[in-house]
Amino acid sequence: MRFSTIIQNHKTAILSKLTGHQQKILSTIENCRTPALGSHLYRCNDCNSLVLLHNSCSNRNCPVCQGNKRQRWIQGQCANLLNVPYFHVVFTLPHVLNPLFLQHPVVCYNALFHATWNTLKAFFSSETLLQGKGGMFCILHTWGQNLAFHPHLHCLVPAAGIGNDGDFKLLKGMDKFLFNVKAMSKVFRAKFAEELTVLEKKQVLVIPPITRGLMFAKKWVVFSQRPFSTPQNVVRYIGMYSHRVAISENRIIDDSDGKISMHYKDYKNAGEKKILQLESEEFLRRFAMHILPHKFVKIRYYGQLNNRNKKHFLELGTQQVGKFTQAVAENDPAVSQTDAEPDFGLDDSRTQSKVIRLIHCPYCKTGTLRLIASLARYGVDVEILVVDSATAEIICRSKDPPPDGKTMVMEIAF
């Protein structure tokens with residue numbers, strides 16, 4: 001089920017209730033892989049078939065434009081992995097803070113990032129643990145499986161850092177757990193409350209007394225896994241949480257009678273797979289809650305993993321423990337294009353200075369496509385024809401559906 005079709009069918013009921021930024025994003029996703037964003041015409045060098053492919057929107061909020069971005073990001077991160085244990089740590093917030101986040105998303109998300117790093121930084125500096133400075137990178141997620149609002153951070157933390165003496169150091173007890181999660185939860189709550197207090201003093205936001213009271217009454221949860229068993233699991237976890245949006249097209253079952261049916265996992269019931277049915281307006285409202293603010297950075301690097309310190313940290317770490325060099329498996333689920341981004345068979349052919357992505361023909365499956373023409377953006381109501389000048393035969397129409405009803409991102413570099 002195409003997400004853009006759902007927007008096209010049901011946007012009228014919800015647009016007036018959204019912000020200008022949310023309306024713009026939904027409009028962009030609606031036009032994804034349609035003639036409105038332009039097209040490219042290709043000919044197969046084997047079977048001579050003509051293939052017209054519409055451009056993608058490439059928006060980071062689009063459910064079908066993330067697969068290639070995720071793969072490239074994973075490969076970049078794998079080049080910087082050391083042979084040390086890595087921990088997956090999740091920082092969550094009580095639901096009582098949701099209204100505050102929805103009203104002031106940018107400052108509250110920033111406060112979540114700051115409180116998370118300040119918590120880990122305090123533990124790294126402990127005399128009984130590292131006695132130095134560690135690092136992490138973290139990824140903001142704002143949703144649960146049922147599209148409910150649930151802001152939290154997924155963090156990847158190496159069990160190593162730079163000691164106060166300037167030497168590369170491994171975390172004590174690194175073969176068990178990163179830090180005590182109960183202690184981290186208490187420190188995290190205090191750090192986040194401190195961030196909110198600063199914002200309130202600056203008159204950026206107002207915290208209702210009942211919210212502040214419930215904030216300390218509720219249980220705060222920090223989840224930390226054991227170190228990954230194999231380097232391949234590091235890759236898998238990096239990929240799972242990097243470039244992802246609230247829902248992918250392969251989870252949408254049906255759109256009928258004004259209701260959207262979708263798959264979701266009920267984690268309160270051992271991850272059992274269930275079906276959720278929502279009114280179309282409610283479905284789009286929930287999705288719109290998770291549209292990131294304009295230019296907001298959702299993946300951030302701190303400490304020894306930020307751009308200023310990473311080179312020195314990797315150099316010292318490589319000397320002490322070496323780098324992780326295992327290649328990313330082609331069939332790894334974290335690398336595969338699982339978010340309904342169709343695979344026409346992309347191969348990377350390297351030249352001296354550029355990478356040319358070859359698109360395999362969707363008809364014969366063996367040939368590759370050669371670019372014939374680039375078609376400019378047109379309104380959806382305008383039809384583009386490719387005509388054989390000798391026979392006046394119509395070869396291709398812009399409104400013809402792509403092979404098997406699929407489209408793909410155009411990323412050809414010459």
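See the values below:
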| item | result |
| --- | --- |
| Ranked list, fewest to most other Cβ atoms within 10 Å of each Cβ, for ARG70, ARG286, ARG212, ARG226 | ARG226, ARG212, ARG286, ARG70 |
| Farthest toward positive dipole pole in the range 161-210 [+1 Lys/Arg, -1 Asp/Glu at C-beta], among VAL181, ASN164, PRO209 | PRO209 |
| Whether the range 1-158 is rounded, prolate or oblate, judged on the alpha carbon gyration tensor where a/c under 1.5 counts as rounded | oblate |
| Label-point gap, in nm, between LYS121 and LEU15 - each point 7 angstrom along Cα→Cβ | 4.5 |
| Radius 13 Å from Cβ of ALA183, net charge of other residues (Lys, Arg +1; Asp, Glu -1) | +4 |
| Proxy reagent accessibility, fewest Cβ within 10 Å first, across ASP255, ASP165, ASP266 | ASP165, ASP266, ASP255 |
| Distance violations [Cα-Cα > 31 Å] among LYS186/LYS323; LYS273/LYS310; LYS121/LYS311; LYS219/LYS265; LYS133/LYS295; LYS265/LYS323 | LYS186/LYS323; LYS273/LYS310; LYS265/LYS323 |
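Every number here is computed from the coordinates shown, using simple stated rules; none is lab data. This one's a predicted model, so the numbers in the text were calculated from it and none came from an experiment. Note: ideal-geometry Cβ built from the backbone for every residue, glycine included; neighbour counts use all protein chains shown.
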